[in-house]
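The values are calculated or read from the model by the stated rules, or taken from the named source; none is laboratory data. Note that this is a predicted model, so its numbers are computed, not measured. Neighbour counts are summed over all protein chains in view; Cβ atoms, including those assigned to glycine, are modelled from backbone coordinates with ideal geometry. The area values use the complete protein model at the heavy-atom level, side chains included, leaving out ligands, DNA and RNA. Shrake-Rupley method; radii C 1.70, N 1.55, O 1.52, S 1.80 Å.
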Amino acid sequence: VSELGLEGDVLPVPGDHPASRNRFLYVGGALHKLPSGLGGLLRPAPPFSRALLWSGVRDLLAPAGTEPDESVHAFALRRFGQEVADIAVDSLCRGVFAGDCRALSIRSCFPTLFEAERRRRSVLLGLALGSGERRAGGTRGSDAPVPPLRHEGTPALSPTGKERGAESGLSRRARAERWSQWSLRGGMESLVEALAAFLQQRGVELRCHTPLRRLCRHPDGRWQLTLADGTVTADHVVSALPAAALAEVLPAEAEPLAQELRRIPAVSVAVVNLQYEGVALPVTGFGHLVPSSEDASLLGIVYDSVAFPQHDGTGAASVMLGGAWFRQSFGDPAAVAAAPLLQRAQAAVREQLGLKPAPTHSIVRVHQACIPQYTLGHWQRTGKGGRGAGVPRPPRRHPPPVPVPTERIGRFLAEQRLPLSLVGASYAGVSVNDCIASAKAAVGQLLG
């Protein structure tokens, strides 16, 4: 952001902002603020019937698991008890993955928790004590403090000419102020536009809205990319396509790879943006999540105007619908009409936030197969999970080793010596930060 000259357009949400401090669950027909601080752990607080301290005690006393992988729900149930698994962890997985915690893999979705238990028998002890292995500079593996945000552009591409890996002033400010999120005055679209302009000024050709039809190998080992409007020859391909989409364009000789890619499922999410003129949201915070036991069709609601009133005024919210429950709730994502989704979203804000009037503006978008699901065994397919896997949140002060595939997908790429790098959300983390990290890792490998 600094390198692109957008530092003055950043809209930060610091750690003391209500959108950082206040997060809610909707359970039993009511909103409940998530406990925070020591007092929140020592006293019972709805929707939990007992103080969360007892869940921590359970984790400290429970034996370590022995299975190579298990569902996120089974892991949380075994370590922290029924309520934490059914309410907190269920909601968390719906918020992050739009997925069912009973199907998602703990090893691949939350590798830090999986590794913490394996290292110290207790998740809490493992997180507190770290790996116990000293790194260069004297810091420990997973007990490092919150990291700086770094830009690691190469000198050839860095518009400011800064040393590779140097920390920007914006990054230091974000760390000091404990930003939980940020945006830009012109919206995140302005970041994409600035990136495109930066690349085009340096002779990079961008072909947008041009579907890839087929990947083929030349006898000399190079790729031929068949596009809707012609062909391109490349020495190396970095694919950020969803796994299933990449599988459909691979050549026949890469069918073993295509089969593995097709086994990485993804779910669809409808996002309904609602704006109310002259009406303020009755709750201040980031938003709330809804466990599947309360309403499977509704994942949660984000209070957009609390974090970014510069964009959305005083009354704007985004309603997330579907996910792993999309088909059973709304039918085929490719065929569903906007009207029932809008009606469901309006009903949700009316019932859960008390906003009675109709919105003055609304946008309904169905994002088909947009969030990959790391189900049981994902680590065997991609090598992402357990020791050496990419860590979803937060990144470390000293980055972990480059997360390259080491299992079936990685083995096929290595054995066939395919000049192909796989990046994006299908493999080692679904967040934007994870996708950026995987792309940086791929470029780092290519540049050596």
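Key figures for this structure:
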item: Which listed residue is closer than 30 Å to ILE87 by Cα and either of a type outside the set (Lys, Arg) or open to solvent by less than 20 Å² (accessible area, probe 1.4 Å) (or both), from GLY278, GLY285, GLY230; result: GLY285
item: Candidate set: the range 66-84, residues that are assigned to a helix (DSSP H, G or I), over 17 Å from LEU376 (Cβ atoms) and touching a residue at least 12 places away in the same chain (Cβ under 8 Å); chosen: the one most open to solvent (accessible area, probe 1.4 Å); result: GLU83
item: Exclusive hit being surrounded by 11 or more Cβ atoms within 10 Å (Cβ to Cβ), in a helix (DSSP H, G or I) and either within 28 Å of the chain's Cα centre (by Cα) or not assigned by the TED database to the domain that holds LEU418 (or both), set LEU246, LEU250; result: LEU246
item: Identity of the residue in the range 288-303, part of a strand (DSSP E or B), open to solvent by less than 20 Å² (accessible area, probe 1.4 Å) and of a type in the set (A, V, I, L, M, F, W, C), that ends up farthest from PHE24 (Cα to Cα); result: LEU298
item: Residues being assigned to a helix (DSSP H, G or I) and within 23 Å of the chain's Cα centre (by Cα) - total across the range 312-344; result: 2
item: Every pair of residues 6+ apart whose Cβ atoms lie under 6 Å, when the first sits in the range 85-96 and is at pLDDT below 95 while the second is open to solvent by less than 20 Å² (accessible area, probe 1.4 Å); result: none
item: Hits in the range 217-226 - residues which are modelled with pLDDT under 95 and open to solvent by less than 70 Å² (accessible area, probe 1.4 Å); result: HIS218, GLY221
item: Restricting the range 345-369 to residues that are closer than 24 Å to VAL430 by Cα and either among the small types (Gly, Ala, Ser) or buried (at least 18 other Cβ atoms within 10 Å of the Cβ) (or both), the residue that is nearest to the chain's Cα centre (by Cα); result: ALA369
item: The range 113-130 residues that are closer than 16 Å to VAL57 by Cβ and modelled with pLDDT under 95, paired with ones that are open to solvent by 60 Å² or more (accessible area, probe 1.4 Å) and outside any helix (DSSP H, G or I) (beta carbon under 8 Å, 6 or more apart); result: ARG121/PRO63
item: Residue satisfying condition, being in contact (Cβ under 8 Å) with a residue 40 or more places away in the chain, among the aromatic types (Phe, Trp, Tyr) and open to solvent by less than 10 Å² (accessible area, probe 1.4 Å), within set PHE308, PHE330, PHE326; result: PHE326
item: Output for the range 333-376, where each listed residue is in contact with a strand residue (DSSP E or B) (Cβ under 7 Å, 6 or more places away or on another chain) and among the small types (Gly, Ala, Ser); result: ALA334, ALA338, ALA345, ALA348, SER362, ALA369
item: Those residues of the range 329-349 which are within 24 Å of PHE24 (Cα to Cα) and either at pLDDT below 95 or in contact with a helix residue (DSSP H, G or I) (Cβ under 6 Å, 6 or more places away or on another chain) (or both), in sequence order; result: none
item: Yes/no for ASP143 being at pLDDT below 95, open to solvent by 40 Å² or more (accessible area, probe 1.4 Å) and within 23 Å of the chain's Cα centre (by Cα); result: yes
item: Within the range 170-190, tally of residues that are open to solvent by less than 80 Å² (accessible area, probe 1.4 Å) and of a type in the set (Asp, Glu); result: 1
item: Residues of the range 6-40 satisfying the condition of being assigned to a loop (DSSP other than H, G, I, E, B), open to solvent by less than 60 Å² (accessible area, probe 1.4 Å), at negative phi and small (Gly, Ala, Ser); result: GLY15
item: LEU53 surrounded by fewer than 17 Cβ atoms within 10 Å (Cβ to Cβ), modelled with pLDDT under 90 and closer than 22 Å to LEU125 by Cα; result: no
item: Filtered residue count, the range 257-283, keeping only those that are among the polar types (S, T, N, Q) and within 18 Å of LEU241 (Cα to Cα); result: 2
item: Of all residues making up the range 90-108, the number that are farther than 18 Å from GLN368 by Cα, of a type in the set (A, V, I, L, M, F, W, C), open to solvent by less than 40 Å² (accessible area, probe 1.4 Å) and in a helix (DSSP H, G or I); result: 2
